Amino acid sequence: MATTTTQAPVEAQLLVSISDLSMVNDIKKAISMLKGVTKVKKQRTKTRIYDPETGEYMNDRAVRDIEQALDDAKHGRLKTYNSVDEFFKEMGL
């Protein structure tokens with residue numbers, strides 16, 4: 001008996017940045033008319049907040065802090081408190 005192999009179709013995504021916002025709808029319509037295009041959606045870019053003191057974007061720092069917290073939890077590097085008051089006291093609040 002012969003075996004056959006089938007591959008699931010793979011889709012690719014193409015990101016297009018547009019500086020003239022008045023052209024967005026026209027460009028979206030033109031791209032959607034191209035053969036093989038299955039979906040076109042409009043998405044605004046996210047605002048990035050720059051911190052000149054650290055030279056980092058705050059969004060990037062937040063992601064890095066979350067990744068560090070997850071790694072700390074995974075490796076058991078946790079601090080426990082007996083009460084909320086004890087936590088606030090240590091935080092200086």
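Below is a table of values for the structure above.
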| item | result |
| --- | --- |
| Positions within the stretch 29-83 being among the charged types (D, E, K, R), surrounded by 11 or more Cβ atoms within 10 Å (Cβ to Cβ) and more than 21 Å from the chain's Cα centre (by Cα), in sequence order | 72 |
| Cβ-Cβ under 6 Å pairs, at least 6 apart or on other chains, the stretch 21-34 side part of a helix (DSSP H, G or I), far side loosely packed, with under 10 Cβ neighbours inside 10 Å and of a type in the set (A, V, I, L, M, F, W, C) | none |
| The stretch 59-83 residues that are over 21 Å from residue 93 (Cα atoms), paired with ones that are open to solvent by 80 Å² or more (accessible area, probe 1.4 Å) and of a type in the set (D, E, K, R) (beta carbon under 6 Å, 6 or more apart) | 59/48 |
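The values are calculated or read from the model by the stated rules, or taken from the named source; none is laboratory data. Note that the coordinates shown come from a computational prediction; the quantities given were computed from them, not determined experimentally. Counting neighbours? That spans all protein chains shown, and the Cβs are built from the backbone with ideal geometry, glycine included. The area values use the complete protein model at the heavy-atom level, side chains included, leaving out ligands, DNA and RNA. Shrake-Rupley method; radii C 1.70, N 1.55, O 1.52, S 1.80 Å.
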